[in-house]
1. Working only within the stretch B:120-140, note down all residues that are assigned to a helix (DSSP H, G or I), of a type outside the set (Phe, Trp, Tyr) and either at pLDDT 90 or above or more than 24 Å from the chain's Cα centre (by Cα) (or both).
2. Does any residue of the stretch B:45-58 turn out to be more than 29 Å from residue B:230 (Cβ to Cβ), among the acidic types (Asp, Glu) and assigned to a helix (DSSP H, G or I)?
3. Any chance the stretch B:207-217 includes a residue that's surrounded by 19 or more Cβ atoms within 10 Å (Cβ to Cβ), among the polar types (S, T, N, Q) and either in contact with a strand residue (DSSP E or B) (Cβ under 7 Å, 6 or more places away or on another chain) or in contact (Cβ under 8 Å) with a residue 12 or more places away in the chain (or both)?
4. If I ask for residues that are among the β-branched types (Val, Ile, Thr) and without any contact (Cβ under 8 Å) to a residue 60 or more places away in the chain, which ones from the stretch B:110-147 would you list?
5. Considering only the stretch A:127-136, I want to know if a residue exists there that is over 25 Å from residue A:188 (Cα atoms) and within 14 Å of chain B (Cβ to nearest Cβ).
6. Has the stretch A:50-66 got any residue that is more than 13 Å from chain B (Cβ to nearest Cβ), free of Cβ contacts under 8 Å to residues at least 12 places away in the same chain, part of a loop (DSSP other than H, G, I, E, B) and loosely packed, with under 14 Cβ neighbours inside 10 Å?
7. For the stretch B:77-109, give me each residue that is touching a residue at least 24 places away in the same chain (Cβ under 8 Å), aliphatic (A, V, I, L, M) and closer than 30 Å to residue B:233 by Cβ.
8. Tell me, which residue of the stretch A:72-99 that is loosely packed, with under 15 Cβ neighbours inside 10 Å and facing chain B (nearest Cβ under 8 Å) is modelled with the lowest pLDDT?
Amino acid sequence: MNKIEIENLSLQYSDGSESLRGISMGIRQNAVTVLFGPAGGGKSTLLRCLNRLNDLTDIRTSAGRILIDGENILDPKTDVIALRRKVGMVFARPVPLPMSIRENITYGMELAGEKRRTKLDEAVERSLKLAAIWDEVKDRLNDPAVALSGGQQQRVCLARVLALQPEIILLDEPTSGLDPISTGKVEAALQELKKNYTIILVPHSVQQAARTADHAAFFLQGELIEYDEGKKMFTTPKEKKTEDYIMGRFG
Amino acid sequence: MMKLFARNRHSVQRIGYSLITLMAVVTVLPIVGTVIFILFKGGSAISWEFLSGFPHDGMRAGGILPAIIGTLYLTIGTAVFSVPLGIAAAIYLAEYAKDSALTRLIRLAIINLAGIPSVVYGLFGLGLFVLFLQFGTSILAASLTLSIMTLPVIISTAEEALRSVPQSFRTVSISLGATRWQTIRKIVLKEALPGILTGIILGLERAAGETAPILFTGAAFFLPRLPQTPFDATMALPYHLFVISTQVPEMPIQIQYGTALVLLVFVLTMNVIATVIRSRARSRRQW
């Protein structure tokens with residue numbers, strides 16, 4: 001079942017240059033969908049449409065719709081706060097907010113009006129466990145989150161998103177700054193999480209794309225070149241450009 | 001020629017360093033000199049009676065309590081008006097304003113406001129607050145005048161402090177379902193606070209030491225009692241110093257220097273507080 005339907009989406013910068021051209025794709029529920037391709041292809045921009053984070057920048061939609069559960073989230077009447085609680089995002093560089101580990105997790109919930117200590121404590125434990133970081137931080141939840149290593153910080157950032165109980169999780173090259181062991185932990189956590197969430201990942205390498213993708217979409221210069229099941233895409237791509245990129249002939 | 005230069009590279013460097021060190025010493029010398037000089041000349045005047053008594057014998061004896069209290073009132077009064085307004089303006093400029101003709105005009109106005117001679121502020125205050133708004137020569141009028149003078153300092157340092165908070169904090173906060181205002185209140189302001197406080201103290205410190213803006217707006221030559229309401233005029237340290245240095249014949253010299261010393265301590269204390277806040281915040285900063 002498709003959780004998200006992107007219909008003929010085109011985006012442009014305020015100077016009129018195009019960022020994405022006529023993208024149409026459906027994104028499956030409870031699966032990892034990977035958006036990959038060379039830099040500047042529009043993957044992150046597309047990701048940031050899904051939680052309307054592009055509202056903060058000079059990128060505007062010029063055509064198209066994005067339906068999540070059948071509702072067009074690009075509609076000006078959309079409640080973007082509610083949308084962002086439903087569609088969480090993990091960024092390329094871990095950005096712990098300047099507060100303790102616990103406060104990082106509860107920040108979003110408190111904004112949403114949750115004040116009950118027991119609820120918050122439950123959420124802290126549950127989300128840190130889901131992000132596979134609980135055992136490493138359970139004894140120092142009140143320490144500043146920046147004191148953690150980069151890999152730990154990124155999993156705390158993932159837990160921070162999970163605490164809001166979103167339905168969709170966007171990850172923009174979440175492991176680009178991490179060592180292979182931390183990367184493995186994050187990837188393993190994603191495989192576990194996809195049972196309950198819809199996950200959209202911009203990987204930091206073709207190898208990661210191949211490892212994690214249930215479905216994969218290849219983007220090149222603002223266009224969707226090919227979209228297929230991960231297994232097919234990385235063994236028998238249909239398009240010459242996709243094959244050339246996967247084989248490392250350009251990129 | 002090149003060869004000669006190459007051989008002497010080390011000595012050229014040494015001479016350069018010595019020159020720079022000399023410059024630094026020359027810069028610091030007047031400040032240290034002034035403090036020592038005033039301490040030496042005025043130290044003997046400082047006593048409990050001097051700090052807690054009223055002047056008598058036409059200012060030639062007694063204490064300077066009303067001037068100390070007056071400067072305190074004026075500083076607080078200035079803070080009341082300039083701090084909320086300055087922070088609000090800085091938040092607008094740093095967080096909300098888009099780059100437009102209007103914001104460029106506002107910035108230009110702030111920069112120019114900082115360059116206006118203080119006596120002009122005094123005349124402006126006289127015209128607007130004392131006469132037109134009929135506040136009279138009062139603490140209120142003087143505080144408002146000093147506020148206008150202090151605002152550019154507070155606005156520009158606060159804006160700078162807000163801008164130095166990493167953009168990624170704002171993006172993350174918004175992505176977690178915060179509104180812009182919640183992000184500013186819970187993250188940005190908290191992180192920028194030490195920088196903002198430093199600017200406030202430096203601005204108020206300047207206000208506390210100024211004579212010209214209060215000359216026509218709130219300062220009194222002599223008052224037999226402390227001001228009771230914001231609509232009373234007040235004595236103030238810088239103006240008192242001006243008065244006893246120029247308007248009173250046969251003035252004992254140590255009272256003049258004693259007054260200067262109290263004013264200096266008042267201002268330097270604020271400066272030290274600002275420095276401590278800044279350095280403590282820097283060592284605690286998590287980014």
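The values are calculated or read from the model by the stated rules, or taken from the named source; none is laboratory data. Computed from a predicted structure; not experimentally measured. FYI the Cβ positions are ideal-geometry reconstructions off the backbone, even for glycines, and counts take in every protein chain you see.
1. B:120, B:122, B:123, B:125, B:126, B:127, B:128, B:131, B:139, B:140
2. No, every residue in the stretch B:45-58 fails to be more than 29 Å from residue B:230 (Cβ to Cβ), among the acidic types (Asp, Glu) and assigned to a helix (DSSP H, G or I).
3. yes
4. Of the stretch B:110-147, the ones among the β-branched types (Val, Ile, Thr) are B:110-111, B:116, B:119-120, B:130, B:137, B:139, B:145.
The answer is B:110, B:111, B:116, B:120.
5. Restricting attention to the stretch A:127-136, the residues satisfying the condition of being over 25 Å from residue A:188 (Cα atoms) are none.
Within the stretch A:127-136, none of the residues are over 25 Å from residue A:188 (Cα atoms) and within 14 Å of chain B (Cβ to nearest Cβ).
6. If we filter the stretch A:50-66 for residues that are more than 13 Å from chain B (Cβ to nearest Cβ), which is where we start, we get A:59-66.
Filter again for free of Cβ contacts under 8 Å to residues at least 12 places away in the same chain, leaving none.
Checked against the condition, which is being more than 13 Å from chain B (Cβ to nearest Cβ), free of Cβ contacts under 8 Å to residues at least 12 places away in the same chain, part of a loop (DSSP other than H, G, I, E, B) and loosely packed, with under 14 Cβ neighbours inside 10 Å, the stretch A:50-66 yields no hits at all.
7. B:79, B:80, B:83, B:85, B:87, B:89
8. The selected residue is A:93.
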